[in-house]
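Student: Starting off with a structure, shown below.
The values are calculated or read from the model by the stated rules, or taken from the named source; none is laboratory data. All figures in this text were calculated on a predicted structure; none of them were measured in a lab. FYI the Cβ positions are ideal-geometry reconstructions off the backbone, even for glycines, and counts take in every protein chain you see.
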Amino acid sequence: METIFVKTGTTLASQIYNCPDADPVPALDAILAGYDRVYAVADSLAAEKCPCAGKIVEHLSSKGCPIFGINASEAEKSMDTVLAIASFLMEQGADRDALVLAIGGGITTDMTGFAASIYKRGVRFAFFPTTLLSQVDAAIGGKTGVNFLNYKNILGVIRQPEFTFLSPSVLLSLPKEDLLCGCAEMLKTFIIQDDGNYQKAVSLFSALHQGVHLSSLLSEISALVGASARVKAGVVSRDQFEKGERRNLNLGHTFAHAMESLAMENNIHLPHGLAVGIGTVLAAKCADSLGLSDGSLERRLRTDFNACGLPVDCPFPLENLAPAMYKDKKAAGKKVHFILPEGIGKVVVRDMTPEEAVELIG
Ligand SMILES: NC(=O)c1ccc[n+]([C@@H]2O[C@H](COP(=O)([O-])OP(=O)(O)OC[C@H]3O[C@@H](n4cnc5c(N)ncnc54)[C@H](O)[C@@H]3O)[C@@H](O)[C@H]2O)c1
């Protein structure tokens, strides 16, 4: 089993275990044996739909680990649920030596990490992510939080998990759209830092889109998840609090957040990962227009993303994007940091107003 380290300065902040085993229970058990008191917060639907997550919940329960089930929806990604997790920990008598293990996708890991971070001024937590998106993104890097007043992730802290345990087996029950969301975040990561993985990911997800069964590709996916986790762990180790390099991970996100906010206003279904994919294509168009790339990057990404089954066109009139971008919490003043790809494996930051960016893609 590969171990990836997140180090902040000289301190070991977090470990990521990439476990290729079909049954991850023994390996997870061995790690949990190092903790005296484990409490679990599990996405009830994931535990029901995903045999691997269900097996872990059952196993922990049989060992006497208290388990709290939650509904993983954006509407319930709230302080109310965080307080419910805190109540559960109180009722169970969880003390400062507790380890709180989240089992679920990004909603579950974000909320559990936040609840553990404020419970008794902070107890330890760990993640068993059950979606591809949470394996390559949400469960790595320590950003935790909840939605508040219609703003996504506006309350939260950056605090590292003890460990994140990656198992490809959970992916077998994942709906296609959730796989695609993770695929988009993974491609985004490899556009930031490639090492040959971008093309491997495109080939793999194209094969999946063409109907090759996921079970026959699990070990290749596991290797790519590990590679993607290594890139993010490296970036977070160098810039935990997003003062510089970590901003690169927001490639495609300024456009994506604008599209997500328009989707919400118009009651249109647009999951974050898919918005990130479209946003990355738009960022490539900006780069092409500014002469930062070879001029054909947008075309290449469109072809590759399409082949993987990802949508590539903005579902809203482009002129609506600029006003929506000012709601992005990452916008500082009027100029916004846009992360633009110069090619596969290299990005730059450009400060522009949303209007300037939209003109480039118009
Ligand atoms: N902290 C971060 O750095 C960060 C980064 C990216 C996204 N996020 C957050 O992550 C959230 C999205 O997370 P997500 O896309 O991982 O999923 P999710 O937690 O929203 O879950 C998606 C759906 O899949 C179900 N599910 C989960 N695992 C399953 C499985 N193995 N089989 C079948 N169904 C399963 C869930 O019950 C849910 O209905 C957003 O709230 C976003 O803000 C956080």
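Student: Kindly indicate the residue of the range 130-139 that is near the ligand (Cβ under 7 Å from one of its atoms) and not charged (D, E, K, R) and also surrounded by the most Cβ atoms within 10 Å (Cβ to Cβ) among those meeting that condition.
Tutor: Thr130
Student: Among the numbered criteria (1) over 17 Å from Arg121 (Cβ atoms); (2) surrounded by 15 or more Cβ atoms within 10 Å (Cβ to Cβ); (3) not charged (D, E, K, R), which single criterion is violated by Ala75?
Tutor: Unmet condition: (2).
Student: Looking at Asp304 and the list (1) closer than 17 Å to Asn248 by Cβ; (2) modelled with pLDDT of 95 or more, which single condition is not satisfied?
Tutor: (1)
Student: Let me ask something else. List the residue pairs whose Cβ atoms are under 9 Å apart, where the first residue sits in the range 63-76 and is over 21 Å from Asn267 (Cβ atoms), the second is part of a loop (DSSP other than H, G, I, E, B) and within 11 Å of the ligand (Cβ to nearest atom), and the two are 6 or more positions apart or on different chains.
Tutor: So the pair list comes out as Ile70/Glu76.
Student: Select from the range 52-61 the residues that are in contact (Cβ under 8 Å) with a residue 24 or more places away in the chain and either near the ligand (Cβ under 9 Å from one of its atoms) or of a type in the set (D, E, K, R) (or both) and list them in ascending order.
Tutor: Cys52, Ala53, Lys55
Student: Which numbered condition in (1) at pLDDT below 95; (2) surrounded by 19 or more Cβ atoms within 10 Å (Cβ to Cβ) is the only one that Glu242 fails?
Tutor: Exception for Glu242: condition (2).
Student: If I filter the range 140-153 down to residues being at pLDDT below 95 and within 16 Å of the chain's Cα centre (by Cα), which single residue comes out as farthest from the ligand (Cβ to nearest atom)?
Tutor: Asn147
Student: For residues in the range 9-51 being under 23 Å from Leu172 (Cβ atoms) and of a type in the set (D, E, K, R), which is farthest from the ligand (Cβ to nearest atom)?
Tutor: Asp29
Student: Every residue in the range 107-129 that is more than 14 Å from the ligand (Cβ to nearest atom) and either within 18 Å of Val236 (Cα to Cα) or outside the structural domain of Leu32 (by TED's automatic domain parsing) (or both), please.
Tutor: Ala126
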